[in-house]
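Colleague: Here's a structure for you.
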Amino acid sequence: MMMTPLFYLILVVGVLVGVAFVTLLERKILGYIQIRKGPNKVGMSGIFQPFSDAVKLFVKEPFGSPVVSNMMPYLFSPVFSLFLALMMWWIEPLDVHLLDFDFGMLFFLCCTSMGVYGVLLAGWSSNSKYALLGGLRAVAQTISYEVSLVLILLSPIYLMGSFSFEKMTLGQEMVWMILVFFPLGLVWFASSLAETNRTPFDFAEGESELVSGFNIEYGAGGFAMIFMAEYAMIIFMCLVFSLVFMGGSTIFVFFSIVFFVGVFVWMRGTLPRFRYDKLMDLCWKSFLPLSLNYLFYVCGLGYFFLVFLNLYSWFSK
């Protein structure tokens, strides 16, 4: 128990360093997609570019808050978003067990549902029409796709009989869940894009319509913390995908996270933004029926399997 704060500090430092290099990976991949060079001046092949950006953002003088903003929510919302994104890493069931309890999936869902408050507070407290529109879009989008995320998770939870991430990984030693629930895996990945406000579902920060969306009035440290929270959330969603659908062995998790983060960036470089009504139709008319049907299918299989076991035990007597 005395070592837990030290382990958590090491984990947070590792996550923040990972966030820094994910930004470099994104800029490099986008550069190659757009047939140009990414960052290549600071250090060898631009390897120190994330640290240069971090120093610039946190050292530069903040230009102050907007005159008509609500000061306390305006300053609090970036800190709140980053705190929630880092708090979710308590439950990762790898070699360092910080808070490995039996309801880790419920804790994860609670933290993701709380994340929308940071975006809403940032948009509302800025007192800008563009920021408020971005915040309202984020609320509707996140609440809608959380429904599909919960229903997608219910099928593996029912199959494994546990809310624990560790038991979920132990139950996939023979076969990965992605082979059983391949359509659900694709729907989970698309819902993860929407939950983290990434292309093609980046309506909360739509540059072509809202200038920069909910974060338009932020600069310096506040801007940096908002995007650190976003990228930490992206890495964690890739981790959850690997744990729930692809076994989650310790060595494989690292490579799968890098691969899925690369797919996140690939989506940003190739796909155009959805229309907003198409986004909502995709959630309520496609993802929700699919996840519900899979849940009924799994529950039915479990029921018939129990009936078969009871009949077998009765005839064997």
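The values are calculated or read from the model by the stated rules, or taken from the named source; none is laboratory data. Since the structure is predicted, the reported quantities are computational estimates derived from the model, not experimental observations. Neighbour counts run over all protein chains shown; Cβ positions are idealised from the backbone, glycine included.
Colleague: Could we say that Ser69 is of a type outside the set (D, E, K, R) and modelled with pLDDT under 75 here?
Modeller: Answer is yes for this residue.
Colleague: Kindly indicate the residue of the range 238-256 that is among the polar types (S, T, N, Q) and either over 18 Å from Glu173 (Cβ atoms) or in a helix (DSSP H, G or I) (or both) and also farthest from the chain's Cα centre (by Cα) among those meeting that condition.
Modeller: Step by step, filter the range 238-256, then rank; the result is Thr250.
Colleague: Which of the residues that make up the range 21-50 are among the aromatic types (Phe, Trp, Tyr) and within 13 Å of Gly262 (Cβ to Cβ)?
Modeller: Of everything in the range 21-50, those that are among the aromatic types (Phe, Trp, Tyr) and within 13 Å of Gly262 (Cβ to Cβ) turn out to be Phe21, Tyr32.
Colleague: So, one more: Within the range 123-130, is even one residue of a type outside the set (Gly, Ala, Ser), assigned to a loop (DSSP other than H, G, I, E, B), at positive phi and in contact (Cβ under 8 Å) with a residue 60 or more places away in the chain?
Modeller: The answer is yes, given that some residue of the range 123-130 is of a type outside the set (Gly, Ala, Ser), assigned to a loop (DSSP other than H, G, I, E, B), at positive phi and in contact (Cβ under 8 Å) with a residue 60 or more places away in the chain.
Colleague: Something else now. For the condition more than 27 Å from Leu75 (Cβ to Cβ) and either in contact with a helix residue (DSSP H, G or I) (Cβ under 9 Å, 6 or more places away or on another chain) or assigned to a loop (DSSP other than H, G, I, E, B) (or both), what is the one hit in Phe223, Phe259? Before you say what the answer is, go through the steps one by one.
Modeller: Values: Phe223 fails: more than 27 Å from Leu75 (Cβ to Cβ).
Going through Phe223, Phe259 in turn, just one is more than 27 Å from Leu75 (Cβ to Cβ) and either in contact with a helix residue (DSSP H, G or I) (Cβ under 9 Å, 6 or more places away or on another chain) or assigned to a loop (DSSP other than H, G, I, E, B) (or both): Phe259.
Colleague: Scan the range 243-268 and report the pairs whose first residue is farther than 15 Å from Tyr231 by Cα and whose second residue is outside any helix (DSSP H, G or I) and among the hydrophobic types (A, V, I, L, M, F, W, C), with Cβ atoms within less than 6 Å and a gap of 6+ or a chain change.
Modeller: Within 6 Å, the pairs are Met246/Trp176; Gly247/Trp176; Thr250/Leu94; Ser256/Met246.
Colleague: Here's something else I'd like to know. Just to be sure before I move on: is Gly219 more than 20 Å from Tyr130 (Cα to Cα) and surrounded by fewer than 22 Cβ atoms within 10 Å (Cβ to Cβ) in the structure I sent?
Modeller: Taking the combined requirement at face value, the residue does not satisfy it.
Colleague: Which of the numbered conditions does Leu75 fail, given that it passes all the others? Conditions: (1) surrounded by 13 or more Cβ atoms within 10 Å (Cβ to Cβ); (2) at pLDDT 85 or above.
Modeller: (2)
Colleague: Return the residues of the range 14-37 that are without any contact (Cβ under 8 Å) to a residue 12 or more places away in the chain and among the small types (Gly, Ala, Ser); say none if nothing qualifies.
Modeller: Gly14, Gly31
Colleague: Which number in (1) within 19 Å of the chain's Cα centre (by Cα); (2) surrounded by fewer than 16 Cβ atoms within 10 Å (Cβ to Cβ) marks the one condition that Arg275 misses?
Modeller: (1)
Colleague: What pairs can you find where one residue is in the range 39-55 and more than 19 Å from Tyr231 (Cα to Cα), the other is assigned to a loop (DSSP other than H, G, I, E, B), and their Cβ atoms are less than 8 Å apart, with a gap of 6+ or different chains?
Modeller: Partner pairs satisfying both residue conditions: Val42/Phe48; Gly46/Gly38; Gly46/Pro39; Gly46/Asn40.
Colleague: Taking the condition over 30 Å from Gly161 (Cα atoms), at pLDDT 75 or above and among the hydrophobic types (A, V, I, L, M, F, W, C), does Leu57 pass? Spell out the reasoning first.
Modeller: Numbers: over 30 Å from Gly161 (Cα atoms): yes; at pLDDT 75 or above: yes; among the hydrophobic types (A, V, I, L, M, F, W, C): yes.
For Leu57, the condition - over 30 Å from Gly161 (Cα atoms), at pLDDT 75 or above and among the hydrophobic types (A, V, I, L, M, F, W, C) - is met.
Colleague: Using the structure shown, decide if Val253 is on the phi < 0 side of the Ramachandran plot, out of contact with any Ser or Thr (no Cβ under 8 Å at 6 or more places or on another chain) and buried (at least 17 other Cβ atoms within 10 Å of the Cβ).
Modeller: So Val253 fails the test.
Colleague: Scan the helices (runs of 4 or more DSSP H) fully inside the range 142-214 and keep the ones with 1 or more residues being farther than 30 Å from Gly302 by Cα and either at pLDDT below 80 or among the basic types (Lys, Arg) (or both).
Modeller: Ranges flagged: 207-210.
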